[in-house]
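Comments concern the structure below.
The values are calculated or read from the model by the stated rules, or taken from the named source; none is laboratory data. All figures in this text were calculated on a predicted structure; none of them were measured in a lab. Every residue, glycine among them, receives a Cβ derived from its backbone with ideal geometry; neighbour counts consider all protein chains shown. Each accessible area value is taken on the protein alone, full model and side chains, heavy atoms only, with ligands, DNA and RNA left out. Shrake-Rupley method; radii C 1.70, N 1.55, O 1.52, S 1.80 Å.
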Amino acid sequence: MSTHSAEDVILVERARKGDRSAFDDLIARHQKRAYQFAFRLTSNPDEAADVVADSFVRVYGALGNFKQQSSFTTWLYRILTNCFLDLRKKDKSRMNVSLEATLTTPEGDLERQVESPDRTPVEESERGERERAMERAVTALPEYQRVMIVMYHAEMLSYEEIAEALDLPIGTVKSRLNRARLSLREILVRDEELFSLG
């Protein structure tokens, strides 16, 4: 058991006994990664924050039911995934915010900027176009496939960790991940020149 997991076990036990600071510590330890995961699923900062907030509320309410047969992190991924799917069920007609959109702040409008002295403007443009195409394609996937792609490729979770987080057999995880990759490939075929999918 890693030091991180051992500390989580101690914090969970303390939180179960009513120690609010222990629960606050759990949130502090996992909030950034939870948000990153939620943002990769939603592609929207506000929705990601909502998913994380809902998840920690559910975690707090369910601490008494957590049997610690899996790590706290795995359990949290399961809850985050369920909150994301619940959000999608509530609002199927929502509009996506483009990554191209500017962000309005009190100081003025901000645009997404990428700086790299190693690439030429053409290379940077092509890389940016590939990223945008990939983001659009991942967002176009059905939610259950998007979860698989994000957990495996972005969060770098193993098949075993995904299986545990989603309460699925490893074979199902592998087949769903394969189908998600095939769906992603089909979506990206129209951008063939960007990815050399031949």
- [ ] Would you kindly calculate the translational diffusion coefficient of segment 1-60, applying Stokes-Einstein with the Kirkwood radius from alpha carbon pairs, for 37 °C and a viscosity of 0.692 mPa s, and quote it in µm² s⁻¹ without decimals?
- [x] 270
TODO: Starting with the highest mean, order 58-64, 159-165 by the number of other Cβ atoms within 10 Å, averaged over the residues of each peptide.
DONE: 159-165, 58-64
Task: V57 paired with E13, simple spin-label distance in nm, labels 7 Å along Cα-to-beta-carbon - done: 3.1
Task: Accessible carbon and sulfur surface of segment 1-50 relative to its total accessible area, %, 1.4 Å - done: 51
Task: Modelled FRET efficiency - R0 22 Å, R179 with Q36, Cβ distances, 0.05 increments - done: 0.35
Task: Spin-label model distance (nm) - Q69 vs D86, 7 Å beyond Cα toward Cβ - done: 2.1
- [ ] Using per-residue counts of other Cβ atoms within 10 Å, averaged over each peptide, order 29-35, 128-134 from highest down.
- [x] 29-35, 128-134
Task: Inter-label distance for E129 and A6, nm, one decimal - labels placed 7 Å from Cα along Cα-to-Cβ - done: 5.3
